[in-house]
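Take a look at the structure set out below.
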Amino acid sequence: MNNHHQHEFGGNWTDEKLLRVRKYLTAYATILKKKFKFAYIDAFAGTGYRENKVKADNENQLSLFNEAELKEIGAFSEGSARIALQTNPPFDKYIFIEKSKKHFSELQRLKDEFPDKAKQIELVNANANEYLLDRCNNYKWQNHRAVLFLDPYGMQVGWETIKAIAKTEAIDLWYLFPLGIGLNRLLKKDHKSIPESWKIKITNILGTNEWENTFYNDVEVQTLFGNQTSKEKVTDFYKISNFVVERLKSIFPGVAKNALLLRNSKNNPLYLLCFASGNPKGAKTAVKIAQDILKR
Ligand SMILES: C[S@@+](CC[C@H](N)C(=O)[O-])C[C@H]1O[C@@H](n2cnc3c(N)ncnc32)[C@H](O)[C@@H]1O
């Protein structure tokens with residue numbers, strides 16, 4: 001068994017996510033072609049593959065086939081990196097960032113698989129936040145454009161990173177925000193019972209501590225020792241989604257207002273797929289396209 005088999009994630013919501021990013025990449029490359037040098041940046045690139053869950057349940061059967069055959073019968077689906085490399089018209093550059101050594105070594109195969117694009121592929125084995133802060137802050141962006149896909153499993157992306165991305169005024173961002181899988185789980189019913197380290201995490205991902213007043217209300221409770229106030233959770237997925245979209249609006253010139261709540265097969269919200277456009281001149285068109293793509 002090769003490493004592909006150990007990297008398994010996602011159900012239909014993964015299809016939903018990748019389908020939309022794929023559509024945007026095609027529209028984007030078509031519009032920007034000949035106008036700018038433009039790159040695709042995948043900051044949580046993974047292995048380039050994702051494995052369909054059903055198939056993993058039949059591992060013994062699967063090992064009868066080689067990789068090419070598996071692809072043919074659809075046992076592997078493309079991950080975001082492969083999808084970007086297949087986009088037409090092509091991008092001028094593909095930057096794939098991946099922290100895990102194991103996943104990174106899988107990514108390196110992409111150069112063999114897409115030999116005509118090998119020179120345009122830049123592979124970076126690093127922490128996405130550190131790499132993006134440097135790339136956004138220390139390079140000239142005036143004549144460049146990029147689409148950046150942030151697809152973390154959890155709460156890895158700091159607000160400082162999002163701010164640096166916006167500041168380039170050159171990047172369009174697709175951000176899979178960990179709404180149900182991350183943030184909502186940390187927002188305990190009673191504010192008092194959220195550990196200090198979680199509060200720091202929440203503030204770090206949202207870039208503000210205003211969430212404490214937005215998601216919690218002071219309530220009077222009668223106790224044996226008289227009345228006391230406590231902060232109780234008064235939020236739901238829609239309110240949190242709006243908050244995230246508003247946060248993006250505070251730093252990007254254009255943000256899709258219909259960010260998409262992606263649910264698992266049990267209908268529980270996992271992620272919020274958000275779009276924000278960084279270039280003041282291009283944002284209106286970009287947001288229009290993204291909003292269209294985000295419609296169910
Ligand atoms: C959800 S997967 C990405 C899937 C990929 N976008 C696709 O469609 O095939 C998240 C990836 O991010 C990597 N990762 C986790 N933390 C990271 C970090 N701080 N910087 C860069 N990569 C990270 C994980 O190793 C994992 O491969």
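Using the structure shown, decide if F243 is in contact with a Pro (Cβ under 6 Å, 6 or more places away or on another chain), farther than 18 Å from F149 by Cα and of a type outside the set (V, I, T).
Working: in contact with a Pro (Cβ under 6 Å, 6 or more places away or on another chain): no; farther than 18 Å from F149 by Cα: yes; of a type outside the set (V, I, T): yes.
It is false that F243 is in contact with a Pro (Cβ under 6 Å, 6 or more places away or on another chain), farther than 18 Å from F149 by Cα and of a type outside the set (V, I, T).
Just checking, how many residues over the stretch 126-139 are near the ligand (Cβ under 9 Å from one of its atoms) and outside any helix (DSSP H, G or I)?
Total meeting the criteria: 2.
Within the stretch 239-284, which residues are assigned to a loop (DSSP other than H, G, I, E, B) and small (G, A, S)?
Within the stretch 239-284, S250, A256, A259, S265, G278, G282 meet the criteria.
Taking the stretch 114-154 on its own, how many of its residues are more than 21 Å from G282 (Cα to Cα), surrounded by fewer than 16 Cβ atoms within 10 Å (Cβ to Cβ) and charged (D, E, K, R)?
Residues flagged as more than 21 Å from G282 (Cα to Cα), surrounded by fewer than 16 Cβ atoms within 10 Å (Cβ to Cβ) and charged (D, E, K, R) within the stretch 114-154 amount to 5.
Test N127 against the criterion of being of a type in the set (S, T, N, Q) and under 15 Å from the mean Cα position of the chain (by Cα), and give yes or no.
Yes.
Could you tell me which of the residues A84, A170, A146 is closer than 20 Å to A290 by Cα, in contact (Cβ under 8 Å) with a residue 40 or more places away in the chain, touching a helix residue (DSSP H, G or I) at 6+ places or on another chain (Cβ under 8 Å) and of a type outside the set (D, E, K, R)? Before the answer, list the steps.
Values: A170 fails: touching a helix residue (DSSP H, G or I) at 6+ places or on another chain (Cβ under 8 Å); A146 fails: touching a helix residue (DSSP H, G or I) at 6+ places or on another chain (Cβ under 8 Å).
After applying the criteria, what remains is A84.
Considering the stretch 98-112 alone, what residues qualify as being within 19 Å of A39 (Cβ to Cβ) and more than 13 Å from the ligand (Cβ to nearest atom)?
Q108, K111
Scan the stretch 140-173 residue by residue and report those that are within 16 Å of the ligand (Cβ to nearest atom) and assigned to a helix (DSSP H, G or I).
Selection gives W159, E160, T161, I162, A164, I165.
In the stretch 272-296, how many residues are among the β-branched types (V, I, T) and in contact with a strand residue (DSSP E or B) (Cβ under 7 Å, 6 or more places away or on another chain)? Before you say what the answer is, go through the steps one by one.
Filtering the stretch 272-296 down to residues among the β-branched types (V, I, T) leaves 285, 287, 289, 293.
If we keep only those that are in contact with a strand residue (DSSP E or B) (Cβ under 7 Å, 6 or more places away or on another chain) too, we end up with 287.
Of the residues in that region, 1 qualify.
Look at T214 and say whether it is more than 22 Å from P152 (Cα to Cα), at pLDDT 95 or above and of a type in the set (S, T, N, Q).
On the way: more than 22 Å from P152 (Cα to Cα): yes; at pLDDT 95 or above: yes; of a type in the set (S, T, N, Q): yes.
So T214 passes the test.
The values are calculated or read from the model by the stated rules, or taken from the named source; none is laboratory data. Predicted model only: the values in this text are computed from it and were never measured. All Cβ positions, even for glycine, are placed from backbone atoms using ideal geometry, and neighbour counts span all protein chains on display.
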